Amino acid sequence: MPPLAIQYRDFAAWQNARLAGGDLDRQREVWRRKLAAGVPVLDLPSDTPRPAVQTHDGARVRRPVPPALHAGLRELAARERATLFMGLLAVVDLVLHRHAGQTRIVLGAPVSGRLRAELAEQSGFYVNTLLLVQDVDPRQTFLGLLHAVRRTVVAAHENQEYPFDTLVDELAVERHPSRHPLFDVLITLNEPGVAAGAAAVAGLDIRPMKSGYERSKFDLSITFDRLPDELLLTLKYNRSLFRSERMERLADQLLTVMERVIENPEQRLEEIPLALPEDPQDGLTGPRLELEPGTVVDWLATRAARRPGRIALEAGGERMTYGELTERAARLAGLLRRRGAGPGQVVGVCLEPSPALLVSVLGVLWSGAACLPLDPGLPRERLALLVEEARAAVVLEGDEPSLPAAESPRRAGLDDLAYVVYTSGSTGVPKGVAMPHRCLANLLAWQLQQPGFGRPRRTLQAAHVGFDVFFQEVFSTWLTGGTLVLVGGGLRGDPAAFQAALEEHRIERLFLPPVLLQHVAAAAERENAHLSEVIAAGERLRVTPALRKMLAPAPGRPGCRLINQYGPSETHVVTSCTLPAEVAAWPEHPSIGRPVANTRIHLLDGALQPVPAGVPGELFIAGENLARGYLHAPRLTAERFIPDPFAAEPGERLYRTGDSARRLWSGEIELLGRLDDQLKIRGFRVEPGEVEAVLARHPGVREGVVVEDPQHRGERLLAYVVMRPEAAVEEQELGRFLAARLPAHMIPSLFVQLAAFPLTPSGKVDRRRLPAASGGGEAGRQPHRPAETPLQERLVACWEAVLDRRPVGIDDSFFTLGGHSLLLVRLLAEIRERAGFAVPMAWLWRHPTIEALAARLQEEPSGAAQPSLFVDLAQEARLPEEIVPRVPRNDGTAPPRPVLLTGATGFVGAFLLRELLDRTSGPVLCLVRAGGAAQAGGRLDAALASYGLRRAGDRERIVPVPGDLARPFLGLGEEGFARRAAEIGAIVHCGASVHFTSPYTVSRVANVEGTIEILRLSAAAGGVPVHAISTVGIFSLPDGEHTETAAIDGQRHSIVNGYAASKWVAEKLLQEARGRGLPTHLYRLGRVTGHSVTGAANGKDFFHRLLAGALEIGTFPEELLEVEIDLTPVDWVARAVVSLLLAPEEGAADWHLVNPRRLSYRCVLEELARLAGRPVVGLPFRVWLRQIEDAAAAEVSPLHRIAPVLCDPDYLFKIRTEARRAVSVRASMARLEARGLSCPVPDARLLALLHRAVQREAGAAWS
């Protein structure tokens, strides 16, 4: 070989000198800016958990790229001024984006490093590694992605001299022994002569040799070798993470996607199928099963008639045969029919577990009605709300009534409702799942055909009455002629007693949620001698050693079948997996199996495209199992039950579960958890279930729950553990145990030991009730004063839960300990739940310590410890008897008298003042809360100026009247009150306390007592007209059309929403005054927006701040996107009110001033986002709340002042309820249009004005 012109050490010294001399500073800054936000981890789904320390045991998969694809991609890239490598990289980015579900893909790529001509023939390792960070927008086309990739590659190569190792060191990247720094996937295109193969060197015979060991330095290396006559794709992968089946499919998918983008490069990325031609296109489908005629009630009646003497249920010493059961149910059905029950009606059953409960459930179904099971242990207000929401025709509770003669079953159809169960779901908003007979019949028909299920068995009635499994448990037992056994004594909270009851009552079949099943198994001292079948459903099943022991073969019993079933309440059971007979073969986390009969399962990505086998996707359900939807909630139903794009027949639906799952290579389905349970910790995606599974392997841990630390979101995990009784394990030991098995980012920072986990009524772990973990206190704090009374103890628990710290002393200020306005709403909810008080927020500001607040609460009258959340508004709406019109004044030919206007310094009030000044000629008296006339005049002048309404000469006609709505005689004194009564000719009452977080007791002062004083003034003035501004918010009940003349007596308002409650009472007072002869007029407003020409608006109100916040952070709650809103220009409202004041409409006293043309939040935000040049995407509400926490903490943020309202636990429920409220405006609009007062259409021009107002509120933060 010829001698080297340059030694490698010369190159190294030259490179070091360039680094030290600053020659590469520009490149360093480019990379630092590019990676300033951090480097996201490309988290490809794996087949086994990532080991704590990276292994390099590799294997490879090879595929030749067909010549047509090679040529087609090269030509496509050339047309777009890109290279073949860029085209291949774009395909790889697309496929990995779909596998990982991430929009930022980070890959490594080697470069030769021989930029100078004199290095071309030198020997030495000049290779450097480039980071290729690519943002992938699923809405862009492949050509768009290719152009973006070209820019990324060009920029990377322009800065390729900066050494990768130096970059890693300077970025101070957190190293993980389980991964390569900065990237885990390497992509390479080897040009001809570089590809692995026999090298040609004169005089030497060189051949490659296989060592028998394949080393994989990275998780995955994707290599394209350009050989003389072909392009070869090679995947080298880490066998500790991936199975060969996954890599085989990945290689085939790369070629398939390559073909599809060549055929249609203009297709959006989210629309490009990833599925292979041989993949099933219709999801996973269960067997076809024809149902026998009738419903399960008909089936039971037929079977019971054949065996009337068999025992249907046992409870203590009482036994009931099938004949007795059906006779009592039939008689109860007759009574219910006489009271209006039947198909299409809902009947509530509110009874403790007992024979009467079971007879009642069957009797309701026998009558043809749908059963609404109610837990009598719920608070009465909650029960009343559920009954009201369900519109139950009858509720059964208490003693069994005397019954008429038995009747045959009322024939309900398969599409009639069978039952309604309420669930909080992932959002916490109660939803009534309306389940038709077809679903229940389909499930039971399938179940009865399963091997061994058809024989009669003794089944423990263990399912909670409000849980859908209750119906499966009861009717599967009765349809097989089995005996349902009821055992009292609170077994759910006593696993040892539960275990004893199984033995004592010879229970053979058991339906239990996994958590309760594990508790029962842990209490078992030996194999159960009677159990032959256990069905687990409700959450992810974990097989523990104790469970294996309890269900292992016992003397006289060959063994117990364990069946893992899955299905949300909206579908009931949709998949089932029967574990093998050999207990030792049970996996720790069994799959959920395959679909049941007449059911289809789809695993889809965010664009509703099927995901490949092994790749997580959201689980969607179709077929006979779907509920009708959510009762009386069509909008919510439409959100979760969507049109089925894969259906053979139009009109079929898919239910989106929100669960993450993947199809295993066996064809079964593995449930991974809730999509909203997935966490990102320091850039790494973490499934809490994976950490929980490893934690549970510790010999001292009975069970564990892992959550994100709410005070350090995105940074660390918390673990809650229940230890075995004999275990004495320190926190450090648990940390060491996990550290030996998991990467560092999956190790919880804190372990909290509990005696038991709080459970929901259905037996699941109630994560919301897990106690807050202590974060410790600051040094130097004084010793805390412990609670001295039971009430103080409950309040201490509230403080500790919200502040995430303990101990908290009774003299510690909530705000000194770190509390702020965002946490106040959470504290209010905790106090409501734990202490039973509905506390006004103002009290917490005035009494920030536990000692002070407890003292204030104890001043409340006896019985106020658990106050109702609803006010008896009828008692509040009592007008004093002395308010009656005096003899009208005889004004003769006197000129029109002045108008008195309240609320003139507010948004609507300022425009009313402008309209009165423009449309009348006399003075306008303005009641203003101020210290004197000069101050009042200054406030009025500032209000007009702020909206561009001030005109020359206004001061001569505006008469400031210092006063106060919240004080007797409007704060004018008796003499001043009488003087004003003698002056005025009409009153426009626009003043109000508008604070949506204020309780009723706070809002009442200005809004109710102020209205009384306004009516007193009208009466004193001889009965002058009162034109009062109100709100459509006085209508609280959804799903009904509320007209202008509709009675409002049936509305209910929570004391927490004091504004709406106080306006309702004010309206009742105005209506009562009208009945006494005072001429009163009501104007109910909706969402009042800016001026239809100038755009002048109240940018500080909730609506504008919400929109400004959405544009600031680029996200919005997806649950609200389809909610429709009215945009009613303020100038039109003012013109309408003043027009009706000057020329009242005969026979029309109440008006709805609401824009009849509504837009969805989605339409509004899309246009605002377009105008702002900033996209806004939807996020689940709970995820969105976590995102806004940081933004809202800044006082300049538009979200800062409204965050307490958004964080209200009931906010989403309230908004959805309001969206269902139908307010009729037909009569008002017809009359106003006849006057030439048509409401402006919310078109692009109005939205542009709205954008200007929102932009002013947001300031320069995003403009």
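The values are calculated or read from the model by the stated rules, or taken from the named source; none is laboratory data. Being a predicted model, the structure only gives us computed values, none of them experimental. All Cβ positions, even for glycine, are placed from backbone atoms using ideal geometry, and neighbour counts span all protein chains on display.
Brief remarks follow.
- Screening residue 1142 on (1) in contact with a helix residue (DSSP H, G or I) (Cβ under 7 Å, 6 or more places away or on another chain); (2) surrounded by fewer than 22 Cβ atoms within 10 Å (Cβ to Cβ); (3) modelled with pLDDT under 90 shows it passes everything except condition (3).
- Single residue of 503, 473 found to be assigned to a helix (DSSP H, G or I), at pLDDT 90 or above and either acidic (Asp, Glu) or under 20 Å from residue 540 (Cβ atoms) (or both): 473
- Residue ranges of helices (runs of 4 or more DSSP H) in segment 895-972 with at least 1 members touching a residue at least 24 places away in the same chain (Cβ under 8 Å) and of a type in the set (S, T, N, Q): 933-946
- Restricted to segment 301-400, the set of strands (runs of 3 or more DSSP E) holding at least 2 residues that are buried (at least 18 other Cβ atoms within 10 Å of the Cβ) and in contact with a strand residue (DSSP E or B) (Cβ under 8 Å, 6 or more places away or on another chain) comprises 311-315, 346-350, 370-374, 394-397.
- Some residue of segment 510-533 being acidic (Asp, Glu) and crowded, with 23+ Cβ neighbours inside 10 Å: no
- If the condition is being of a type outside the set (Gly, Ala, Ser) and under 22 Å from residue 670 (Cα atoms), then segment 274-313 contributes 274, 276, 278, 279, 280, 281, 282, 284, 285, 287.
- Unique residue being crowded, with 17+ Cβ neighbours inside 10 Å, at pLDDT 95 or above, of a type in the set (Lys, Arg) and over 25 Å from residue 703 (Cα atoms) when the list is 628, 640: 628
- Residue count, segment 273-312 (criterion: under 30 Å from residue 247 (Cα atoms) and at pLDDT 90 or above): 2
- The set of residues in segment 50-79 that are buried (at least 17 other Cβ atoms within 10 Å of the Cβ), in contact with a helix residue (DSSP H, G or I) (Cβ under 6 Å, 6 or more places away or on another chain) and not in a helix (DSSP H, G or I) contains only 61.
- Flag if residue 1148 is of a type outside the set (Lys, Arg), crowded, with 21+ Cβ neighbours inside 10 Å and either modelled with pLDDT of 95 or more or farther than 28 Å from residue 639 by Cα (or both): no
- Test: residue in segment 1113-1123 that is out of contact with any Lys or Arg (no Cβ under 7 Å at 6 or more places or on another chain), part of a loop (DSSP other than H, G, I, E, B) and surrounded by fewer than 21 Cβ atoms within 10 Å (Cβ to Cβ): yes
- Among the candidates 130, 42, 94, 119, residue that is at pLDDT 95 or above and surrounded by 13 or more Cβ atoms within 10 Å (Cβ to Cβ): 94
- Residue in segment 173-197 that is surrounded by the most Cβ atoms within 10 Å (Cβ to Cβ), counting only those that are more than 36 Å from the chain's Cα centre (by Cα) and modelled with pLDDT under 80: 195
- Filter result (in a loop (DSSP other than H, G, I, E, B), over 34 Å from the mean Cα position of the chain (by Cα) and at negative phi) within segment 443-466: 449, 450, 451, 453, 454, 455, 456, 457
- The residues in segment 926-936 that are surrounded by 13 or more Cβ atoms within 10 Å (Cβ to Cβ) and out of contact with any helix residue (DSSP H, G or I) (no Cβ under 7 Å at 6 or more places or on another chain) can be counted, and the count is 4.
- Here segment 155-172 is the region considered, the condition is being under 15 Å from residue 107 (Cα atoms) and at pLDDT 85 or above, and the residue that is surrounded by the most Cβ atoms within 10 Å (Cβ to Cβ) is 156.
- Positions within segment 805-832 being modelled with pLDDT under 75, assigned to a loop (DSSP other than H, G, I, E, B) and either at positive phi or in contact with a Lys or Arg (Cβ under 9 Å, 6 or more places away or on another chain) (or both), in sequence order: 817, 818
- Annotation note: Cβ proximity below 7 Å between a residue of segment 1227-1243 that is of a type in the set (D, E, K, R) and a residue that is assigned to a helix (DSSP H, G or I) (sequence gap 6+ or interchain) occurs for 1235/1139.
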